[in-house]
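Just below is one structure, and these are the notes that go with it.
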Amino acid sequence: MKALIGGVALAVAVGSAAVAQETKVTIGISGWTGFAPLTLAKEAGIFKKNGVDVTIKKVPQASRHLAIQSGDIQCAATTVETWVVWNANGVATKQIFQLDKSYGADGMVVRNDINSIKDLKGKTVAASAPGTAPYFTLAWFLNKNGLSVKDVTVVNMEPGPAAQAFIAGQNDAAMTYEPYLSSVRANPQAGKIIATTLDYPMIMDTFGCTPKFLEENPKAAKAMADSYFEALDMIEKDQAKAYEIMGADVKQTGEQFGSSAKFLRWQDREANKKFFTGGEFESFSNEAADLLLQIGIIKQKPDIKSLADPRFIQ
């Protein structure tokens, strides 16, 4: 009996040690379709299997940097140019792997009587606050058409509410993304999609953490990168189940989630290596930083090379 009790005690001790080895980390994301493999990695137990105890918090992009600064979250998912903004404004972070590229998943919707982006001069556009991806997308689209954000009246609304308000008849245009962009596709009487990232490829998302977290937890950082790639493998092998899990997080069926997902491309390990080492990361970050300076979002350009630490994708 003693031996049995001793064996049970040993098993409990070993189990406790295993739990103790799990690194706790809180990640800030939004309901954006491109971030969904992170949710899949958590819900399917991939993070846990790889030794990371992940808590995912839905934090609006406009305040995600504040959550990092306060220590409420240690890592986050956001667009490449947003990391430029955060670092330029004193929130030190490093990108460690790429999540996705938008292929029509982000866009501008306008009323049916607006026939070009240039026609937006003097109009009202709903977009998230300065420093967010939708605001930057608006600035990018306008800039490519000879306008600036000063040529329009921006009403600050998050992508979901912006799409809902647009369908309800508010504002001349709105910046939104999947899954909300599809709600406008489903209501053509309200307006139309005039431009997306198919027309202007410039939205790409990455995952990053504070330098402190990376320095103290390099194994956990590697485990999170590996877990993301494992989640992509799961999507490849059992798409229906994966879509169901990811869709549930944003109150979509698996089929609805799949409709949103077709407008983006998740980036696997090889795509990551190409992105960070082939020059694309630096060239886009530099162009983005120049535009951010022009529209007054940042006052100085950070050291672009210091914004990424891609050793964890190897």
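Brief remarks follow.
- Tally, over segment 101-115, of residues that are in contact with a Phe, Trp or Tyr (Cβ under 7 Å, 6 or more places away or on another chain) and surrounded by fewer than 24 Cβ atoms within 10 Å (Cβ to Cβ): 2
- Listed by first and then second residue, the pairs with beta-carbon distance under 7 Å, at least 6 apart or on different chains, first residue in segment 242-257 and over 14 Å from Ser182 (Cα atoms), second among the aliphatic types (A, V, I, L, M) and in a loop (DSSP other than H, G, I, E, B), are Ile245/Ala44.
- Note on segment 293-314: residues that are under 21 Å from the mean Cα position of the chain (by Cα) and of a type in the set (Gly, Ala, Ser) total 2.
- Every test in (1) among the small types (Gly, Ala, Ser); (2) without any contact (Cβ under 8 Å) to a residue 24 or more places away in the chain; (3) closer than 30 Å to Lys150 by Cα is passed by Ala67 save one, and that test is (2).
- Of all residues in segment 288-310, those satisfying the criterion of being surrounded by fewer than 15 Cβ atoms within 10 Å (Cβ to Cβ) and either touching a strand residue (DSSP E or B) at 6+ places or on another chain (Cβ under 8 Å) or not in a helix (DSSP H, G or I) (or both) are Gly296, Lys299, Gln300, Asp303, Ser306.
- Checked against the criteria, Gly7 does not count as part of a loop (DSSP other than H, G, I, E, B), more than 23 Å from Asp226 (Cβ to Cβ), modelled with pLDDT under 95 and of a type outside the set (A, V, I, L, M).
- Near pairs, Cβ below 6 angstrom, 6+ apart or cross-chain, from segment 270-287 (on the phi < 0 side of the Ramachandran plot and surrounded by 14 or more Cβ atoms within 10 Å (Cβ to Cβ)) to any residue that is of a type in the set (Phe, Trp, Tyr) and not in a helix (DSSP H, G or I): Asn272/Phe97
- Number of residues in segment 170-208 that are surrounded by fewer than 24 Cβ atoms within 10 Å (Cβ to Cβ), touching a Phe, Trp or Tyr at 6+ places or on another chain (Cβ under 7 Å) and assigned to a loop (DSSP other than H, G, I, E, B): the value is 6.
- Taking segment 50-163 as the region of interest, the strands (runs of 3 or more DSSP E) fully inside it that hold 3 or more residues being aliphatic (A, V, I, L, M) and more than 30 Å from Glu270 (Cα to Cα) are 106-110, 124-127.
- Only a single criterion out of (1) in contact with an Asp or Glu (Cβ under 7 Å, 6 or more places away or on another chain); (2) within 29 Å of Glu81 (Cβ to Cβ); (3) not acidic (Asp, Glu) is not satisfied by Ile245, namely (2).
- Residue under evaluation Leu120, criteria (1) over 25 Å from Asp249 (Cβ atoms); (2) touching a His at 6+ places or on another chain (Cβ under 9 Å), criterion not met: (2)
The values are calculated or read from the model by the stated rules, or taken from the named source; none is laboratory data. Because the structure is a prediction, the values reported are computed rather than measured. Cβ coordinates were reconstructed from backbone atoms using ideal geometry, including for glycine residues, and neighbour counts include every protein chain displayed.
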